[in-house]
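Okay, structure first, notes after.
The values are calculated or read from the model by the stated rules, or taken from the named source; none is laboratory data. This structure is a prediction, so every number in the text was calculated from the model and none was measured. Cβ coordinates were reconstructed from backbone atoms using ideal geometry, including for glycine residues, and neighbour counts include every protein chain displayed.
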């Protein structure tokens, strides 16, 4: 059984997907803590509902390094086996990423390496997909590296893009598969099936 620490900044639906999978017995682990930088994030209510410990480490009024030092103190005390960025809306410094490389993953609402990197988040991702004329989109789970959204891809899922799609309709379709993909990857990690070697990742 592994200890999982989740970082989230918003509604926490991806966080909830991991909680649900654990409670269903699909993930051999537990969430030891939810960390958020947003004191008003709904993910806090989700943690409370499931008796999951949480900490608010507000980034406002702090230099990036100061904020991350506070995060690292909490993370290191928790000493998780896996760190999951589940809608965490902060770009992390090289020092933070290097400290946890190989045990920190992120989910992104596009088929990386397309539509990833600085500036590609939330509705901006789906708007860019629709403007591109792509016929498929999806989501990706990857190891976090210093290059934003460019870490080794562990797994992906696809969805169709329809001619009458809007940003909202595409977003909802992608979110639905996110809630399947992320728990599946976490479950594989818990079983020791996720591997990282020479800059490439895969699941046995």
Q | Any pair with Cβ under 7 angstrom, 6 or more apart, that starts in segment 96-124 at a residue that is at positive phi and ends at one that is part of a helix (DSSP H, G or I) | A | 115/125; 115/128; 115/129
Q | Residues of segment 136-155 classified as more than 13 Å from the chain's Cα centre (by Cα) and either within 20 Å of residue 123 (Cβ to Cβ) or free of Cβ contacts under 8 Å to residues at least 40 places away in the same chain (or both), total | A | 5
Q: Kindly indicate whether residue 35 is under 28 Å from residue 118 (Cβ atoms), buried (at least 18 other Cβ atoms within 10 Å of the Cβ) and touching a helix residue (DSSP H, G or I) at 6+ places or on another chain (Cβ under 7 Å).
A: yes
Q.
Just to check your reading of the model, which residue among 175, 170, 196, 182 is outside any helix (DSSP H, G or I) and either in contact with a strand residue (DSSP E or B) (Cβ under 8 Å, 6 or more places away or on another chain) or at pLDDT 95 or above (or both)?
A. 196
Q: Taking the residues in segment 179-194 that are within 20 Å of residue 121 (Cα to Cα) and in contact with a helix residue (DSSP H, G or I) (Cβ under 7 Å, 6 or more places away or on another chain) as candidates, determine which candidate is surrounded by the fewest Cβ atoms within 10 Å (Cβ to Cβ).
A: 179
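Matching residues to (1) more than 22 Å from residue 174 (Cα to Cα); (2) in contact with a strand residue (DSSP E or B) (Cβ under 9 Å, 6 or more places away or on another chain); (3) modelled with pLDDT of 95 or more; (4) surrounded by 14 or more Cβ atoms within 10 Å (Cβ to Cβ):
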{"site": "2", "(1), (2), (3), (4)": "yes, yes, yes, yes"}
{"site": "5", "(1), (2), (3), (4)": "yes, yes, yes, yes"}
{"site": "10", "(1), (2), (3), (4)": "no, yes, no, yes"}
{"site": "16", "(1), (2), (3), (4)": "no, no, yes, yes"}
{"site": "20", "(1), (2), (3), (4)": "no, no, yes, yes"}
{"site": "26", "(1), (2), (3), (4)": "no, no, yes, yes"}
{"site": "46", "(1), (2), (3), (4)": "no, yes, yes, yes"}
{"site": "50", "(1), (2), (3), (4)": "yes, yes, yes, yes"}
{"site": "54", "(1), (2), (3), (4)": "yes, yes, yes, yes"}
Q: Among what's in segment 109-140 and is surrounded by 21 or more Cβ atoms within 10 Å (Cβ to Cβ) and in contact with a helix residue (DSSP H, G or I) (Cβ under 6 Å, 6 or more places away or on another chain), pick the residue that is farthest from residue 153 (Cα to Cα).
A: 126
Q.
Against the conditions (1) surrounded by fewer than 15 Cβ atoms within 10 Å (Cβ to Cβ); (2) in contact with a strand residue (DSSP E or B) (Cβ under 7 Å, 6 or more places away or on another chain), where does residue 147 fall short? Just the number, please.
A. (2)
(Q) Every residue in segment 158-178 that is surrounded by fewer than 18 Cβ atoms within 10 Å (Cβ to Cβ) and within 16 Å of the chain's Cα centre (by Cα), please. (A) 175, 176, 177
Q.
What pairs come out if I take residues in segment 54-69 that are on the phi < 0 side of the Ramachandran plot and pair them with residues that are assigned to a strand (DSSP E or B) whose C-beta lies under 7 Å away, six or more apart or interchain?
A. 54/33; 54/34; 54/36; 55/33; 55/35; 56/36; 57/35
